[in-house]
1. Quick one: Karplus J couplings for region 242-256, per residue in order, coefficients 6.51, -1.76, 1.60, θ = phi - 60°, nearest Hz, x for Gly and Pro?
2. Using Cα centres only, tell me the gap between region 177-247 and region 123-144 in whole Å.
3. In nm, give the distance between the simple-model label positions of Ala280 and Asp188, each being 7 Å from the Cα along the Cα-to-Cβ direction.
4. In sequence order, what are the phi-derived ³J(HN,Hα) couplings for region 112-124 according to the Karplus relation 6.51 cos²θ - 1.76 cosθ + 1.60 with θ = phi - 60°, rounded to whole Hz, with x for glycine and proline?
5. Taking the Cβ of Ser289 as the center, what net charge do the other residues with Cβ under 11 Å away carry, scoring Lys and Arg +1 and Asp and Glu -1?
6. Residue separation times 0.36 nm, minus the C-alpha to C-alpha distance between Thr166 and Arg206: what's the value?
7. Residue separation times 0.36 nm, minus the C-alpha to C-alpha distance between Ala176 and Asp254: what's the value?
8. Expected output is a single nm value to one decimal: the length gained when fully extending between Arg218 and Ala231, i.e. 0.36 nm times separation in residues minus the C-alpha distance. What is it?
Amino acid sequence: MRSGAGTVRTRSPQLVVHVRLVIVVAVLAGGLALARPRASSAHPAPSLPRSRPLPPVGVEWERSGLLGVLACPAGMAWVNSPSASFCVDRYEASLLRMGPGGETQHWPGNRIVDGLEGDMMAVSRPGIKPQGYISGRQASVACASAGKRLCSLQEWTLACRGPHDTRYPYGKQRRAGACNDRFRGTADHPVLRLFQAQAAPGADPRSMWLPSWMNDPRLLELPHTVAPSGASNDCTNEYGVFDMVGNLHEWVADPDGVFAGGYFMDTLQNGEGCEYRTRAHGFDYHDYSTGFRCCVDAPSADLVR
């Protein structure tokens, strides 16, 4: 472009980068309708977050995670592997109780939901003690109320092992203290502690493993039990999911009854780390240690590249 007495003015490199970035953002914004997650025809998918900060110029979109944020509902992480593409809750689920007028209130994570399943909606939030005392069937209903579903065992394992396919979210070998998975022997077991403190004199010790004790809300009020979601900062991977090992067992979508990942007292006896599986209970079983998280279908990678 010429200006004045024949002087040639060239475009600023910064201006070119800015213009290109604006074009890319506009294209992505226009494609959000195609990138909405699919949960179930019976339950509409949650709304996408309306605004997110853009990464700095020069950062690759995929590496920054922006595409995953745009593709997944708030509180969820995008897992995009060669075998599957889906969104998974970043945090173990807590519950909201829905009122008749649409109002919601937090449901304490140490209270059973028997008979109230239709009032409960799963949410993925940090800093809140997640929901224990929940069966696989109840967890499935809570996910569906949020427009989501329970994760399949394959999805759960992919999310736990991370993009580097490691036994623990953070690496190949267990690191003490990285997750809420300490094991100090039976003397520190919450059921034993509560029974010794509260059982009637002469009570049969075998009764402590009955449902009445195993579902006592006081268990998760004891110290050294469940921790708030995301409190273990190192118990994560590059997908940005937390507490998939330890804290609470997590139900997966298996009608025969499977929960994975172990809990705060045990991440070794039924497999190590992300390989931990409990198959001893039916889908309707619950106790203080059983929790969950939800998944939802994500758009194919081609739609968001």
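1. Per-residue couplings from phi come out as 10, 6, 6, 10, x, 6, 10, 4, 10, 5, 10, 7, 9, x, 7 Hz.
2. 17 Å
3. 2.0 nm
4. Computed from phi, the couplings for region 112-124 are 5, 10, 3, x, 10, 3, x, 8, 9, 10, 6, 9, 10 Hz.
5. Neighbourhood net charge equals -3.
6. Working: separation 40, 0.36 × 40 = 14.40 nm, distance 3.82 nm.
Residue separation times 0.36 nm, minus the Cα-Cα distance, leaves 10.6 nm.
7. Result: 25.0 nm gained on full extension.
8. Length gained, Arg218 through Ala231: 2.6 nm.
We did not get these values from a lab; they are worked out from the coordinates using the rules stated. Just so you know, these numbers come straight off a predicted model, no measurement behind them. Neighbour counts run over all protein chains shown; Cβ positions are idealised from the backbone, glycine included.
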